[in-house]
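Below you'll find the structure, written out as structure tokens, and then a few comments.
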Amino acid sequence: MSASFETWRERFERLRANKIFELTVIAIIVLSALLIGARTYEEITHFQQWLRVLDVAVTVFFLVEILIRMAAERRLLDFFKKGWNVFDFLIVTASLIPMDDSEMVLLARLLRIFRVLRLVSMIPELRMLMAALFKSIPRMGYVALLMFIIFYIYAAIGSFLFHDVDERLWGNISLAMLTLFQVATFESWATAVLYPTMEHYPYAWIFFLTFIFLNAFIFLNMMIGIVLDVMQKESIQIELESGEGEAAELHGLRDDVRQLRDQLSRMETLLEQNRAGGVDKAGQG
């Protein structure tokens, strides 16, 4: 029974590592995303039955796929030691909620939307990007805090200087911060904010240009630099891990070759002993 189970486990492991199987899973994830988008069109109401059948088929495929990946592990707990496996398991489990129940149909549809995120767990490059994003958040938090301080200072100055220009833009510090956010995003900031202010205060451009210089050119580039630095470290870490895996594989192959040599030397020793014994018997005869 144990040998049979190990045979099936090895088959599942080969299937899990098969590139065609991985591409099929990615294609089904994309199909699932298309089905979710198709449900937002009213013209698709005539095909609701077919869409429901396809949704069930996709759900069953994801269930079978996650079971294959779990069965490919030597121990079931090893599957749940990886965060992305836990993520996939939760997404697939949540997709099992039926959509026929009127009270749960909205929740079921919302949970099915998250199946698109499984593309992240299936594609290593996307996993690296997500890991870099999460690891860069603490460092970006300090830059965001500094940006908030600059926003607050400029908003306070703007509300004091320009409140008589437009109360909707500079009436208080909260409105002033929203106005500065519009300026920082370059969303119609010149015609809606800069030019009306310069009609009353011709030198107001100094206020806006210094603010844009600090936020758009300094702080934004600092954010980009942090993300690039973390991505570079993640790429190096992945290369080191792959190198360690290859080194471990080579080490295992060397051990196998060493064992084969030992066995061959033992067989040669036994053959020599048998030959010597045969010669002694012939001499005695």
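The values are calculated or read from the model by the stated rules, or taken from the named source; none is laboratory data. No experiment lies behind these values; they were computed from the predicted model shown. Using ideal geometry, Cβ is built from the backbone for each residue, glycine included, and neighbour counts are taken over all protein chains shown. Accessible surface areas use protein heavy atoms only, side chains included; no ligands, DNA or RNA. Shrake-Rupley method; radii C 1.70, N 1.55, O 1.52, S 1.80 Å.
Test of understanding: among Met177, Met140, which residue is farther than 30 Å from Val30 by Cβ and in contact with a Phe, Trp or Tyr (Cβ under 6 Å, 6 or more places away or on another chain)?
Selected residue: Met177, the only one of Met177, Met140 that is farther than 30 Å from Val30 by Cβ and in contact with a Phe, Trp or Tyr (Cβ under 6 Å, 6 or more places away or on another chain).
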Restricting to segment 245-272, name every residue that is open to solvent by 100 Å² or more (accessible area, probe 1.4 Å) and at pLDDT below 70. Glu246, Glu249, His251, Arg254
Conditions (1) at pLDDT 85 or above; (2) within 17 Å of Ile91 (Cα to Cα) -> Val56 fails only (1)
Test: Pro202 is farther than 20 Å from Phe148 by Cβ, of a type outside the set (A, V, I, L, M) and surrounded by fewer than 12 Cβ atoms within 10 Å (Cβ to Cβ): yes
Being open to solvent by 90 Å² or more (accessible area, probe 1.4 Å) and either over 25 Å from Ser188 (Cα atoms) or not assigned by the TED database to the domain that holds Trp205 (or both) is the filter here, so list the residues in segment 130-162 that pass it. Phe134, Lys135, Arg139, Tyr142, Leu145
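Being open to solvent by less than 30 Å² (accessible area, probe 1.4 Å) and under 16 Å from Phe160 (Cβ atoms) is the filter here, so list the residues in segment 205-220 that pass it.
Let us first name the residues in segment 205-220 that are open to solvent by less than 30 Å² (accessible area, probe 1.4 Å), namely 207-208, 211-212, 215-216, 219.
Answer for segment 205-220, where residues must be open to solvent by less than 30 Å² (accessible area, probe 1.4 Å) and under 16 Å from Phe160 (Cβ atoms): Phe207, Phe208, Phe211.
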Just to verify a result, which residue in segment 188-199, among those that are part of a helix (DSSP H, G or I) and of a type outside the set (Val, Ile, Thr), is most open to solvent (accessible area, probe 1.4 Å)? Glu199
Please verify whether Ser242 is out of contact with any helix residue (DSSP H, G or I) (no Cβ under 6 Å at 6 or more places or on another chain), modelled with pLDDT of 65 or more and in a helix (DSSP H, G or I), treating the condition exactly as stated. no
Inspect all residues belonging to segment 31-43 and state whether any of them is in contact (Cβ under 8 Å) with a residue 40 or more places away in the chain, β-branched (Val, Ile, Thr) and out of contact with any Cys (no Cβ under 8 Å at 6 or more places or on another chain). yes
Residues in segment 163-187 that are in contact with a helix residue (DSSP H, G or I) (Cβ under 8 Å, 6 or more places away or on another chain), surrounded by 11 or more Cβ atoms within 10 Å (Cβ to Cβ) and part of a loop (DSSP other than H, G, I, E, B) total 5
Matching residues in segment 44-82 (open to solvent by less than 40 Å² (accessible area, probe 1.4 Å), within 21 Å of Phe114 (Cβ to Cβ) and not hydrophobic (A, V, I, L, M, F, W, C)) number 4
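Would you call Thr24 under 24 Å from the mean Cα position of the chain (by Cα) and exposed (fewer than 14 other Cβ atoms within 10 Å of the Cβ)?
The answer is yes for Thr24.
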Closer than 23 Å to Val30 by Cβ, acidic (Asp, Glu) and at pLDDT below 85: which single residue out of Glu125, Glu73 fits that description? Glu125
